[in-house]
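Chemist: Structure incoming, see below.
The values are calculated or read from the model by the stated rules, or taken from the named source; none is laboratory data. Computed from a predicted model, the values in this text were never measured in an experiment. We place every Cβ from the backbone using ideal geometry, glycine too, and count neighbours over all the protein chains shown.
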Amino acid sequence: MASPNSRQETLYFINATVGTPPKSVRLHIDTGSSDLWVNTPASNLCVSSNDPCAYAGTYAANSSSTYQYIASNFNISYVDGSGASGDYVSDTVTIGSHKLDRLQFGIGYSSTNAQGILGIGYPLNEVQVGRARLKPYNNLPAQLAADGTIQSMAYSIWLNDLDANTGNILFGGVDQAKYTPPLLSLPVESNSGAYAEFMLTLTRLQLGTRTIGGRDMAIAVLLDTGSSLTYLPDSLVQEIYTSVGAVFDSDANAAYVPCALARNTTRLTFTFSEPSISVDMNELVLDLVTSSGRRPTFSNGVAACLFGIGPAGGGTYVLGDTFLRSAYVVYDLENNRVALAPTRFNATAASQVVEIGKGEGAVPGATKVQNPVRATEGLRGPNAKSGAPGRVGSGSGPGLAGLLVMALGAGVLAVL
């Protein structure tokens, strides 16, 4: 999946069309939520004089000959305070060259986000389950599996590095050229036996050779492509800030560091029982540019950049894009497992795409971690507010290149 990367906001998008005739929309890819939704041109936000929905596109249900109304109980909210409400409908959705008929999604008649969202998490985390207490519907991963396009509800994501223009997502497949083995598989944490979010147990955090927060950690963390930054317990974040010289601005709920920190070779390493993912400092130091086009500075004149780790406060602990770019991640919804390996940035070798099959152990090349530690802190109930789409803002960005959907072997849908 071509995921154009805005360095300032570091959000990931896919181009799609909705309805008949097809209308182009740009969707923010979000593993922290489960509903696809788009704005309507008549929404309270899109009718604003500055036309904020122009980049992302809109969908007018009554202009589509294949539209079908389902219910008026669509109402999603994200932990950053944004959200949308309106109708659930079904219609034709095309991603690249792959068309899905009668896919259910939401229409935002009232919204606070100009950007449509493609939620690809567990169906149990859908709005109609949490708010209306209805049964889950087939969201995109579930519908691809139900249609037989892929063998099971599973996909892998490679975001590439901060400077890259594109990454990719493989529905039903793994690209073994995009990571450094081993690929290690961990159980997703459940809450009272329910699987609603991609929660893993973080067991150790190191900055260089220094352990942050002690060695007996067992913290549930959410893997969320919809979050630009990573949010950890406040005590851990304070240790990191002290070590790197970050300055926290409580009004902006953000930390700033000298941009020169990006040249520091110290790594922040996250361990999950056995697999470890090391994040280079240059993946945590994000450029900032003011509306006037100038880079902000500290009072001493040193150029200031945004630091990619923030305090969670009383909220969910989240591993967002500042972590996920350094990991190759396989999300296996069928078996409630996530497999991790260190990413290969800017991999130039030919793709080695292998299909994900059915049943236990279906992810090719993945090895189960033996006796994984289970979380004792940070779990939350199913149907809590969905992951936030870009906690450092989700404004409009530059135009996007076209996307191509290809079938790479039977049962593998690649959006490249």
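Chemist: Looking at (1) more than 30 Å from Pro233 (Cβ to Cβ); (2) modelled with pLDDT of 90 or more, which is the only condition Ala341 fails?
Modeler: With respect to (1) more than 30 Å from Pro233 (Cβ to Cβ); (2) modelled with pLDDT of 90 or more, Ala341 is out only on (1).
Chemist: Suppose we filter the range 33-55 for residues that are buried (at least 17 other Cβ atoms within 10 Å of the Cβ) and either within 21 Å of Thr166 (Cβ to Cβ) or touching a Phe, Trp or Tyr at 6+ places or on another chain (Cβ under 8 Å) (or both); how many remain?
Modeler: Qualifying residue count, the range 33-55: 9.
Chemist: Taking the range 209-229, which residues are touching a residue at least 12 places away in the same chain (Cβ under 8 Å), not small (Gly, Ala, Ser) and not in a strand (DSSP E or B)?
Modeler: Within the range 209-229, Ile212, Met217, Asp224, Thr225, Leu229 qualify.
Chemist: Working carefully through the options Ala246, Ala252, Ala220, find the one that is aliphatic (A, V, I, L, M) and surrounded by fewer than 16 Cβ atoms within 10 Å (Cβ to Cβ).
Modeler: Ala252
Chemist: Further question on the same structure: What number of residues within the range 363-391 satisfy the criterion of being under 20 Å from Ile157 (Cβ atoms) and at pLDDT below 95?
Modeler: 6
Chemist: Collect the residues in the range 288-338 that are outside any strand (DSSP E or B), among the aromatic types (Phe, Trp, Tyr) and modelled with pLDDT of 95 or more, keeping them in residue-number order.
Modeler: Those that are outside any strand (DSSP E or B), among the aromatic types (Phe, Trp, Tyr) and modelled with pLDDT of 95 or more: Tyr317, Phe323.
Chemist: Can you pull out the residues in the range 160-187 that are over 20 Å from His98 (Cα atoms) and outside any strand (DSSP E or B)?
Modeler: Correct list: Asn160, Asp161, Leu162, Asp163, Ala164, Asn165, Gln176, Ala177, Lys178, Thr180, Pro181, Pro182.
Chemist: Something else about it: Please determine, by comparing only the residues of the range 105-159 that are hydrophobic (A, V, I, L, M, F, W, C) and part of a loop (DSSP other than H, G, I, E, B), which one is modelled with the lowest pLDDT.
Modeler: Ala132
Chemist: Tally up the residues in the range 84-104 that are under 17 Å from Ser65 (Cβ atoms), in contact (Cβ under 8 Å) with a residue 60 or more places away in the chain and not aliphatic (A, V, I, L, M), please.
Modeler: The number of residues fulfilling the criteria is 3.
Chemist: Just checking, does the range 44-59 include any residue being closer than 30 Å to Asn336 by Cβ, in a loop (DSSP other than H, G, I, E, B), in contact with a Lys or Arg (Cβ under 8 Å, 6 or more places away or on another chain) and in contact (Cβ under 8 Å) with a residue 60 or more places away in the chain?
Modeler: There is no residue in the range 44-59 that is closer than 30 Å to Asn336 by Cβ, in a loop (DSSP other than H, G, I, E, B), in contact with a Lys or Arg (Cβ under 8 Å, 6 or more places away or on another chain) and in contact (Cβ under 8 Å) with a residue 60 or more places away in the chain.
Chemist: Also, I was wondering about something else. With at positive phi and out of contact with any Leu (no Cβ under 9 Å at 6 or more places or on another chain) as the only criterion, which of Gly193, Gly172, Gly213, Gly208 stands out?
Modeler: Gly193
Chemist: Sticking with this one: Checking the condition at pLDDT 95 or above, in a strand (DSSP E or B) and out of contact with any Phe, Trp or Tyr (no Cβ under 9 Å at 6 or more places or on another chain), which residue from Thr201, Thr242, Thr269, Thr265 passes?
Modeler: Thr269
Chemist: Take the residues of the range 281-311 that are in contact (Cβ under 8 Å) with a residue 60 or more places away in the chain and touching a Pro at 6+ places or on another chain (Cβ under 9 Å): which is nearest to Ala327 (Cα to Cα)?
Modeler: In this case the residue turns out to be Pro311.
Chemist: Out of curiosity, is Asp251 free of Cβ contacts under 8 Å to residues at least 40 places away in the same chain and either closer than 23 Å to Gly119 by Cβ or out of contact with any strand residue (DSSP E or B) (no Cβ under 9 Å at 6 or more places or on another chain) (or both)?
Modeler: yes
Chemist: Another one. Which of the following residues is more than 19 Å from the chain's Cα centre (by Cα), surrounded by fewer than 22 Cβ atoms within 10 Å (Cβ to Cβ) and of a type in the set (S, T, N, Q): Ser65, Ser111?
Modeler: Ser65
Chemist: For the range 114-140, which residues satisfy the criterion of being under 17 Å from the mean Cα position of the chain (by Cα) and either within 22 Å of Val25 (Cβ to Cβ) or without any contact (Cβ under 8 Å) to a residue 12 or more places away in the chain (or both)?
Modeler: Matches in the range 114-140: Gln115, Gly116, Ile117, Leu118, Gly119, Ile120, Gly121, Pro123, Asn125, Glu126, Asn139, Leu140.
Chemist: Also, I was wondering about something else. Return yes when Ser278 is touching a residue at least 60 places away in the same chain (Cβ under 8 Å), touching a Ser or Thr at 6+ places or on another chain (Cβ under 8 Å) and in a loop (DSSP other than H, G, I, E, B) and no when it is not.
Modeler: Criteria not met by Ser278.
Chemist: Taking the range 154-176 as the region of interest, how many residues are buried (at least 19 other Cβ atoms within 10 Å of the Cβ) and within 15 Å of Thr322 (Cβ to Cβ)?
Modeler: The total comes to 5.
Chemist: Let me ask something else. Consider Ile70 carefully, then state whether it is more than 19 Å from Ile120 (Cβ to Cβ), hydrophobic (A, V, I, L, M, F, W, C) and in a strand (DSSP E or B).
Modeler: yes
Chemist: Separate question: Considering (1) part of a loop (DSSP other than H, G, I, E, B); (2) surrounded by 24 or more Cβ atoms within 10 Å (Cβ to Cβ); (3) at pLDDT 95 or above, say which one Ser3 fails and leave the rest.
Modeler: Failing condition for Ser3: (3).
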